[in-house]
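Everything below concerns the one structure shown next.
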Amino acid sequence: MARGSLDLPAVLLVLAALAAVAAAGDIVHQDDEAPKIPGCSNDFVLVKVQTWVNKNERDEFVGVGARFGPKIELKEKHANRTRLLLADPSDCCTPPTQKVAGDILLVDRGNCKFTTKAKTAESAGASAIIIINDKHELYKMVCERNETELDIGIPAVLLPKDAGSSLQNLLSSGEVLVQLYSPDRPLVDTAEVFLWLMAVGTILCASYWSACSAREADIEQEKLLKDGHEIPQIEAGGSSGMVDINMASAILFVVIASCFLITLYKLMSHWFVELLVVIFCIGGVEGLQTCLVALLSMSRRFKPAAESFVKVPFFGAVSYLTLAVCPFCIVFSVLWGVYRRLPYAWIGQDILGITLIVTVIQIVRIPNLKVGTALLSCAFLYDIFWVFISKMLFHESVMIVVARGDKTDEDGVPMLLKIPRMFDPWGGYSIIGFGDILLPGLLVAFALRYDWAAKKTLQSGYFLWSMVAYGSGLLITYVALNLMDGHGQPALLYIVPFTIGTFLALGMKRGELGNLWTRGQPERVCMHTHPPPKESTAPASSES
């Protein structure tokens, strides 16, 4: 099969790095800029605001609890349904004019401190206060450092502007009851288990495909040697369809990826996300059709079509099977792009993403451990910098902001795999960036190619232990994710030391590190390119 564009892997390597972060979604995190003080030491928690209008259940909104006041009830069955009243005056900076007897007050943000609003509402007899933000986002309600008398006895919840407006509209429909509670997230969600299996399975399939392609190339080369033909010299990225990464590319990766990430961060908007969706769809078409053609080619029914070619302008020789499959791939990708906001669109995104990663790992190759170590080490530093250290420069994690698409109305950028959290009361998605699968996958695929070329068993080779190392590193990532209360983690922080460390330790122990580091291929017995001269078959004679 002819490959349409061999510069695609290089572009995809950059795009893969743009979302190299594992995250559990839209949870509210702790904030060092809002320190805890006596009377104002609550953890920031998300709060469900369930509503009933004239005793009929209506919408549910999500807000965030304040640093001050009592903790909000965890379980829904223990939370009371309480009448909601619109405060008058609306800012609740002065005592309300109406009688409040255990009701919940709905107030507007502004004109005084959050703590002042809560104290005023409590003095009037309110059981809780819901504050409507003046922006379409959640905001952390904190206390000032010089506040001392903070013995506030009612909970306070902040709603984003759109949710607050909807709640105000409900009040015009009749009596409104609300219920406030903040359920805990499960320690481990099944979405993380499936995401782990998806990542490991993707690398497994891609590695075997890469190794099979390498074996076929070696067999063809040996045939040419035995027949006494010269082996054609194929440049990297030539007609073989394979691209080898060199040291310069491995190091340049960090620079280029960082530039793209900054561009995304600065230009993140609706139109820019649309551009990323188009790029992802183009890559998805390439990945999906490559994988489908490879699978269908295994069948005798489709093999003749896969081995028959036609010349297509710009693309060169293309098999009939590719021409037959391509329209389906284009339609699939376009439909995902159009309907990507639907609840089940994540399935199409994951299919396109997995086939894209598998295709890139099959095309792009690490020639030796030296290049693999350089690439992953650079990605390791890159990931840590843009997840953690970038906060010091930009006051927020650039990588996480880009991955979640915080500055857009999109649910994250498309360059990641995602699965909805199934048993999480807050919903959302568990995500993993392409880079967390693709970059380590290149090293694991190199391990399997080396094992097959050296005719190593599964246990005596490097592939099995590389897979175990990757799976363990990703598992530790999710453990850290849960320990950090769902805060996005740079997965390569854990994966790279596991994979590179395992490779170096095994290579050193087996005495093969030098060969792995430079050659990337096992020692082979040299074969003659020309048959040796035939010995004379004439009978020997001796004269005495």
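Table: residues versus (1) open to solvent by 20 Å² or more (accessible area, probe 1.4 Å); (2) polar (S, T, N, Q); (3) in contact with a strand residue (DSSP E or B) (Cβ under 6 Å, 6 or more places away or on another chain).
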{"position": "PRO304", "(1), (2), (3)": "yes, no, no"}
{"position": "SER308", "(1), (2), (3)": "yes, yes, no"}
{"position": "ALA317", "(1), (2), (3)": "yes, no, yes"}
{"position": "LEU321", "(1), (2), (3)": "no, no, no"}
{"position": "ALA324", "(1), (2), (3)": "yes, no, no"}
{"position": "PHE328", "(1), (2), (3)": "yes, no, no"}
{"position": "LEU335", "(1), (2), (3)": "yes, no, no"}
{"position": "GLN349", "(1), (2), (3)": "no, yes, no"}
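Could you list all residues from the range 308-334 that are small (Gly, Ala, Ser) and under 22 Å from VAL278 (Cβ atoms)?
Selection gives SER333 alone.
Among the residues of the range 46-66 satisfying the criterion of being outside any strand (DSSP E or B) and surrounded by fewer than 19 Cβ atoms within 10 Å (Cβ to Cβ), which is modelled with the lowest pLDDT? It would help to see each step written out before you state the result.
Going residue by residue through the range 46-66, those that are outside any strand (DSSP E or B) are 54-55, 66.
When the remaining residues are screened for being surrounded by fewer than 19 Cβ atoms within 10 Å (Cβ to Cβ), the result is 54-55.
Values: ASN54: 90, LYS55: 86.
The extreme case among them is LYS55.
Are any of the residues in the range 98-105 of a type outside the set (Ser, Thr, Tyr), under 37 Å from the mean Cα position of the chain (by Cα) and farther than 21 Å from CYS40 by Cα? Break it down stepwise before answering.
Filtering the range 98-105 for residues of a type outside the set (Ser, Thr, Tyr) gives 98-105.
Now drop any that are not under 37 Å from the mean Cα position of the chain (by Cα), which leaves none.
No: zero hits.
Taking the condition of being more than 18 Å from ALA87 (Cα to Cα) and open to solvent by 30 Å² or more (accessible area, probe 1.4 Å), how many residues in the range 118-161 meet it?
Count: 14.
Which condition number in (1) part of a loop (DSSP other than H, G, I, E, B); (2) more than 21 Å from LEU46 (Cα to Cα); (3) open to solvent by less than 70 Å² (accessible area, probe 1.4 Å) is the one that LEU170 fails?
(1)
What pairs come up if the first residue lies in the range 186-200 and is modelled with pLDDT under 95, the second is acidic (Asp, Glu) and not in a helix (DSSP H, G or I), and their beta carbons are under 8 Å apart, counting only those six or more places apart or on different chains?
PRO186/ASP424; ASP189/ASP424; ALA191/ASP424
Just to verify a result, which residue in the range 403-425, among those that are outside any loop (DSSP other than H, G, I, E, B), farther than 28 Å from MET247 by Cα and modelled with pLDDT of 80 or more, is nearest to the chain's Cα centre (by Cα)?
Result: LEU417.
Taking only pairs six or more apart or across chains, which ones have beta-carbon atoms under 8 Å, a first residue in the range 412-424 that is touching a residue at least 40 places away in the same chain (Cβ under 8 Å), and a second residue that is assigned to a loop (DSSP other than H, G, I, E, B) and among the charged types (D, E, K, R)?
Correct list of pairs: PRO414/ARG340; ARG421/ASP189; MET422/ASP189; PHE423/ASP189; ASP424/ARG185; ASP424/ASP189.
Counting only residues that are in contact (Cβ under 8 Å) with a residue 40 or more places away in the chain and among the hydrophobic types (A, V, I, L, M, F, W, C), which one in the range 335-354 is nearest to TYR429 (Cα to Cα)?
Among those residues, the one meeting the criterion is TRP346.
I'm checking my understanding of the structure. Among residues of the range 223-255 that are charged (D, E, K, R) and surrounded by 12 or more Cβ atoms within 10 Å (Cβ to Cβ), which one is modelled with the highest pLDDT?
Per the stated criteria, the residue is ASP244.
The values are calculated or read from the model by the stated rules, or taken from the named source; none is laboratory data. The structure displayed is predicted, hence computed values, not measured ones. All Cβ positions, even for glycine, are placed from backbone atoms using ideal geometry, and neighbour counts span all protein chains on display. Note: accessible area is taken over every heavy atom of the protein model, side chains too, but ligands, DNA and RNA are not part of it. Shrake-Rupley method; radii C 1.70, N 1.55, O 1.52, S 1.80 Å.
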